[in-house]
Amino acid sequence: MPKAGSLGPEHYVQATAPTQGADGDTWFDGLDWRLYDKINGWIRPGGTADLSSQISVLSQAISVISQQVSVLSQIHSALSQAHSVLSNVVSVISAGLGGVQMKVVGGIQGVSSTAAGGIAVSGLSASVAAAGIYQVEGKILYQMSAADAFGVALTFPAMLVAAGTMQGFNAAGVSAPLAAHFNEDASASIIYSAIVAVATSTIAVDIDAVFNVSAAGTIQVLARVSATTKPANIQAGSYLRAYKIA
């Protein structure tokens, strides 16, 4: 085996090991130390054994990272479940402990149902708790596709007492409103009805009521038309708001 420095400087700068190189051949120029290895050529001391050790360390690091990613996925799943539970708790608190529930229609909803009690307007509902007293108010914005009748109803659970009004107009510019009063017996019955004189004109129906709740449940807004060929469109911005006042 040649002594340190026995191979010339030309071997030190070559990209691949010289043919006469053998395991353990070294070159030392006072600044750097290189070792000749059959697999790796000229490398720093430690040879393939050092590289194998590094690869092993990297493999272990990758394994640890994979385990951490798995843990993070589990944490994300747990947080998602916790968020769902929290949302349900907030809903219960809003219904039972004095919160405000605000529901708003985000896009146009077509109503073509002629059912006696109407069809639910998606999103316009409020949860109520037994023994709670709620003030409920809202505004339904709608347009008819053709001049025809339009009606609004509510469904709600058993009440000790309930009373309220719905009022609106049948055309823009009309000064006399159409009004209807209702009580605890009005669930699932059309409360407000109007013959709309002008199509595609936006008209509003206002809701204002108080509910003294006997059994927990949901207050839901419904709407109907008199002919399926003349549907109404509930407009974005229609809303229902419920306050627990006692």
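Structure values in brief
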{"quantity": "Label point distance in nm, ALA78-ALA146, each placed 7 Å from Cα along Cα→Cβ", "calculated": "6.1 nm"}
{"quantity": "Computed label-point distance, nm, for sites LEU86 and SER56 using a 7 Å Cα→Cβ extension", "calculated": "4.6 nm"}
{"quantity": "Two-decimal Rg to Rh for the range 100-244 - Kirkwood Rh, Cα set", "calculated": "0.96"}
{"quantity": "Highest average packing first - 166-179, 222-235, Cβ atoms within 10 Å", "calculated": "222-235, 166-179"}
{"quantity": "Order by protection proxy (mean Cβ within 10 Å, highest first), peptides 108-116, 237-245", "calculated": "237-245, 108-116"}
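Quick note: the coordinates plus some simple rules give every number you see, no bench work behind them. None of the values given here were measured: they were computed from a predicted structure. Cβ: placed from backbone, ideal geometry, glycine included. Neighbour counts: every protein chain shown.
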